[in-house]
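Asks: First the structure, which I've put down as structure tokens, then a few questions once you've had a look.
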Amino acid sequence: MRIVLMGMPGAGKGTQAARLVGESGSLHLSTGDILREAVQSGATLGRKVRGFLDSGALVPDDVMGDLIAERLGRADAAEGFILDGFPRTLPQVATLDSVLERLGVGLDRVFFLGAPETEIVRRLTGRRVCPNCGALFHLEQRPPSSAGVCDECGSALVQRPDDTESVIRERLRVFNEQTLPIADAYRQRGLLREVDATGGPQEVFGRLRQELGRD
Ligand code: AMP
């Protein structure tokens, strides 16, 4: 399977990608995770992109294009992938087209996870992540058994620096302005499937599976 998962920040892309990967064995490629790791490790890429991530702005298309071309060209992407967070602009759609053409493969589906903005803000402000193993929690919906501690590996949970309310507002503005138009591009190609992302993760995953089984 070669799938793009798109949707507002907080729509559940990361959560659903992890479930799809569990089921299909495809590679999960989250550009947000790759960039955050680069920032944390102090890599050259990280130094270049940190300011964009902290302010909720998009990293420039040329940087993202190089990153995705390199990542999709690796052997572990050959059998399939779930792209989470890429593409996010129309130029990135064109870049992905040319990378896939070069590799001689095509996309199977583009899923658009949709949820109301009030729900998104509630999800993001309550989100806590494990910096060690990547496990995701929510203060109300999925609290860890012991406050502030990861259930999986015992590390201290953190709030992503871009999950504060002012940065969330900026990320939503950027989404509506730059990312929403790509849904139309994929709709015109007949690849887009809109999936209701309200409710619990299992409920949303059920809808995704239904869409996948429909073909
Ligand atoms: P995410 O974890 O997908 O919400 O991404 C976090 C941040 O990483 C975004 O707010 C952007 O600053 C950056 N980012 C991730 N993916 C992309 C992309 N495809 N294009 C530009 N910036 C990106």
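Asks: What is the Cα centroid distance between the range 90-111 and the range 16-37, reported in whole angstrom?
Replies: 17
Asks: Right, next: Take residue 69, project a point 7 Å from its Cα along the Cβ direction, then tell me which residues of the range 97-122 have their backbone nitrogen under 16 Å from it.
Replies: 97-104
Asks: Give, rounded to the nearest 20 debye, the magnitude of the charge dipole that the range 104-202 has about its Cα centre when Lys and Arg contribute +1 at Cβ and Asp and Glu contribute -1 at Cβ.
Replies: 120
Asks: Working out 0.36 nm times the residue gap between residue 125 and residue 52, then minus their Cα-Cα distance, what length gain in nm do you get to one decimal?
Replies: Full extension of this stretch gives 24.4 nm more.
Asks: Would you please name the GluC sites (Glu not before Pro) within the range 53-145 that are DSSP coil residues with at most 16 other C-beta atoms within 10 Å of their C-beta?
Replies: 79, 140
Asks: In addition: Just flag the trypsin sites (Lys or Arg not before Pro) in the range 49-117 sitting in loop per DSSP whose Cβ has no more than 15 other Cβ atoms within 10 Å.
Replies: Answer in residue order: 74.
Asks: Related question: Per the Kirkwood definition applied to all pairs of different Cα atoms, how many angstroms is the hydrodynamic radius of the chain?
Replies: The Cα-based Kirkwood calculation yields 17.8 Å.
Asks: Something else about it: Using only the alpha-carbon atoms, what does the range 114-201 span along each of its principal axes? Please give whole angstrom values in decreasing order.
Replies: Extents along the principal axes, in whole Å: 47, 26, 22.
All of the numbers you see were taken from the coordinates with simple rules; none came from a lab. What you see is a predicted model, and the numbers here were worked out from it, not measured in a lab. Cβ atoms come from the backbone with ideal geometry, glycine included; neighbour counts cover every protein chain shown.
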